[in-house]
Amino acid sequence: MQGFKRYCSFVILILLLTGCAGVEKDKTSSNAKITIEPYNMSEKESLLISKSGVGNIEFFKLNGTLTEEDDLQISVEVFEKGKFKEELLKTWDDPEKNYKDILISFGISDFNDEVRPLKLISGIPSGLATTNYSNNMTSSSFSNLVGEKVTLKKNKPVYLAAWLGTTKNELRSVGSENGELPAGIEEAELSFLYRVLWTDKEKN
C-alpha cells in the first residue's frame, strides 16, 4: 500500500512538471510578436533606385521578436491565371530573432525579353536573393498590398506586394487591405506575390 502511494505521488509530480513546462512554453510563444509596415523612400533614395535598373520595388520595415521555436519564412509565390504554380526565393531559419526597423523588399527589373528575362529581387533580413524568370508578358502592373502596419498572425501568410503580367491590351492592378491574397489575380496570366509567413521552426 505504501508503495502504491509513492507511485501515485510520483505520477502526480510528473504531471505537474509537464503542465508547468507547457504553460511556460505557451507563455514564451505568446511573447512573440512581429509587425510589418511600408517604408516610404525619400526623394533621394527613389532617385538612386531609378538608376539601378530596378523598374519597381517596395520596401517594408520589420519589427518584433520571435522565440527560438519560431521561424520567419519569406518567399515569392508564382501564380498562373490565379492558380498557384511554384514558390521561388524561399528563405527560412534566420538565426536573428530580434528585428528593429529591419528593411525587407521585393523588386522587379526593367528588363523582360529573350536576352534579359525578368529579374526577381527579394531583400531579406540577412541580405539579398535574386532569380531570373523568362516569360512572354507584354504588359504589367506592380502593387503594394499593405498600406499600414500589420501584425502577423502565426501560420497566416501576409502578401506585401504583387506583380501581374499579361499579353493582352489591358490589365487592372490589384489591392489588399491587410495583406490577404488579393482578388483579381485570376485575371492575370502571370503573377508574382511577395509573401511573409510566421510559423514554427522546422525540426531537422
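The values are calculated or read from the model by the stated rules, or taken from the named source; none is laboratory data. Because the structure is a prediction, the values reported are computed rather than measured. All Cβ positions, even for glycine, are placed from backbone atoms using ideal geometry, and neighbour counts span all protein chains on display.
Which residues, counting only those in the range 144-174, are at pLDDT below 90 and within 15 Å of Asn56 (Cβ to Cβ)?
Those that are at pLDDT below 90 and within 15 Å of Asn56 (Cβ to Cβ): Leu171, Ser173, Val174.
Go through the range 92-143 and give me each residue that's at pLDDT 95 or above and in contact with a Pro (Cβ under 9 Å, 6 or more places away or on another chain).
Tyr99, Ile102, Leu103, Ile104
Can you pull out every residue in the range 136-149 that is more than 15 Å from the chain's Cα centre (by Cα) and surrounded by 15 or more Cβ atoms within 10 Å (Cβ to Cβ)? Break it down into steps so the answer makes sense when it comes.
Taking the range 136-149 first, the residues more than 15 Å from the chain's Cα centre (by Cα) are 136-143, 147-148.
Matches in the range 136-149: Met137, Ser140, Ser141, Phe142, Ser143.
Modelled with pLDDT of 90 or more and in contact with a strand residue (DSSP E or B) (Cβ under 6 Å, 6 or more places away or on another chain): is that true of Asn40 in this structure?
On the way: modelled with pLDDT of 90 or more: yes; in contact with a strand residue (DSSP E or B) (Cβ under 6 Å, 6 or more places away or on another chain): no.
So Asn40 does not fit the description; no.
Of Leu120, Leu145, Leu128, which residue is in contact (Cβ under 8 Å) with a residue 24 or more places away in the chain and farther than 18 Å from Glu80 by Cα? Spell out how you get there, then give the answer.
Details: Leu120 fails: farther than 18 Å from Glu80 by Cα; Leu128 fails: in contact (Cβ under 8 Å) with a residue 24 or more places away in the chain.
Being in contact (Cβ under 8 Å) with a residue 24 or more places away in the chain and farther than 18 Å from Glu80 by Cα holds for just one of Leu120, Leu145, Leu128, which is Leu145.
What number of residues within the range 126-148 satisfy the criterion of being farther than 14 Å from Ile104 by Cβ, touching an Asp or Glu at 6+ places or on another chain (Cβ under 9 Å) and of a type outside the set (S, T, N, Q)?
4
Just to check your reading of the model, which residue among Lys154, Lys119, Lys61, Lys100 is within 15 Å of the chain's Cα centre (by Cα), assigned to a strand (DSSP E or B), farther than 19 Å from Pro182 by Cβ and among the basic types (Lys, Arg)? If you could, list the steps in order and put the result at the bottom.
Working: Lys154 fails: assigned to a strand (DSSP E or B); Lys119 fails: within 15 Å of the chain's Cα centre (by Cα); Lys100 fails: within 15 Å of the chain's Cα centre (by Cα).
Selected residue: Lys61, the only one of Lys154, Lys119, Lys61, Lys100 that is within 15 Å of the chain's Cα centre (by Cα), assigned to a strand (DSSP E or B), farther than 19 Å from Pro182 by Cβ and among the basic types (Lys, Arg).
Given the structure, is Gly55 more than 19 Å from the chain's Cα centre (by Cα) and part of a strand (DSSP E or B)?
Judged against the criteria, Gly55 is a match.
List the number of the failed condition for Leu66; all other conditions in (1) surrounded by fewer than 16 Cβ atoms within 10 Å (Cβ to Cβ); (2) farther than 29 Å from Ser109 by Cβ; (3) among the aliphatic types (A, V, I, L, M) hold.
All conditions pass for Leu66, except number (1).
Name the single residue that is surrounded by the most Cβ atoms within 10 Å (Cβ to Cβ) among those in the range 157-204 being of a type in the set (S, T, N, Q) and part of a loop (DSSP other than H, G, I, E, B). Show your work before the answer.
Here is the first cut: in the range 157-204, the residues of a type in the set (S, T, N, Q) are 166-167, 169, 173, 176, 178, 191, 199, 204.
Then keep just the ones that are part of a loop (DSSP other than H, G, I, E, B); that gives 167, 169, 173, 176, 204.
Working: Thr167: 12, Asn169: 7, Ser173: 14, Ser176: 21, Asn204: 4.
Checking each candidate, the answer is Ser176.
This table checks each residue for (1) surrounded by 14 or more Cβ atoms within 10 Å (Cβ to Cβ); (2) within 24 Å of Glu180 (Cα to Cα); (3) not acidic (Asp, Glu).
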residue: Val54; (1), (2), (3): yes, no, yes
residue: Val76; (1), (2), (3): yes, yes, yes
residue: Phe79; (1), (2), (3): yes, yes, yes
residue: Lys83; (1), (2), (3): no, yes, yes
residue: Glu87; (1), (2), (3): no, yes, no
